[in-house]
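Below is one structure; the comments refer to it alone.
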Amino acid sequence: MALADNDKQDGGGDDAGDGEQLDLASRLTQGHHQSLKLWLRMLSCTVKIENEIRSRLRASFGITLPRFDLMAQLERFPQGLRMGELSKRMMVTGGNITGITHQLEQEKLVVREPDPDDRRVYSVRLTPAGREAFATMAAVHEEWIAELLQGMSGAEKNQLIALLSTMKQHLHAADRA
């Protein structure tokens, strides 16, 4: 099922006759600040894609998006990550990481071990079963993302990547200032 994006090409809004409720960015008028419109449009697209992926992960694999995200972080670090590092990377509280880790541990997809460098903290890593399960989910996830973005040409995707990279650089520079 592909996402239905009824936004006009120029980013101005939706067709009034389609019977669907306008998203917040589409309801803004010309008097609203362009940056606000851009942020709302990016947020709207992100939420649409995230909700679709969340639904598909639950239906196909019986897993939540936060659990998938935690496994994705661990897949990048075979030696494991400290719980605090997972919390920072996923931008959630330590309590959330503990709960997600506990669920995955019960399913034998991750193992939690005292950190060899600091026995007060724990490191988490994928088990072999966790690696196998994640590899299967990640391959399907990539297909879903390709499907959801198939309405954009390769050139449009490259242009958007470049523009968002520029934005990210500006945001990082603002953080350092």
Search result, residues across the range 113-151 that are of a type in the set (D, E, K, R) and in a helix (DSSP H, G or I) = ARG131, GLU132, GLU142, GLU143, GLU147
inquiry  = For the range 129-157, which positions are under 17 Å from GLU50 (Cα atoms) and buried (at least 16 other Cβ atoms within 10 Å of the Cβ)?
reply    = MET137, HIS141, TRP144, LEU148
key: Matching residues in the range 90-128 - criterion: being loosely packed, with under 14 Cβ neighbours inside 10 Å and polar (S, T, N, Q)   = THR93, GLN106
remark   = Within the range 28-81, residues being touching a Leu at 6+ places or on another chain (Cβ under 8 Å), surrounded by 15 or more Cβ atoms within 10 Å (Cβ to Cβ) and under 15 Å from THR101 (Cα atoms) number 11
inquiry  = Return the residues of the range 62-91 that are over 14 Å from HIS141 (Cα atoms) and part of a loop (DSSP other than H, G, I, E, B); say none if nothing qualifies.
reply    = PHE77, PRO78, GLN79, GLY80, MET91
request  = Taking GLY151 as the residue in question, decide whether it is among the small types (Gly, Ala, Ser) and at pLDDT below 95.
outcome  = no
remark   = Only one of PHE134, PHE61 is touching an Asp or Glu at 6+ places or on another chain (Cβ under 7 Å), of a type outside the set (Lys, Arg) and at pLDDT 95 or above, namely PHE134
message = Against the condition part of a helix (DSSP H, G or I) and at pLDDT 95 or above, how does GLU105 come out, does it pass?
response = yes
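The values are calculated or read from the model by the stated rules, or taken from the named source; none is laboratory data. Model, not experiment: these values are computed from the prediction. FYI the Cβ positions are ideal-geometry reconstructions off the backbone, even for glycines, and counts take in every protein chain you see.
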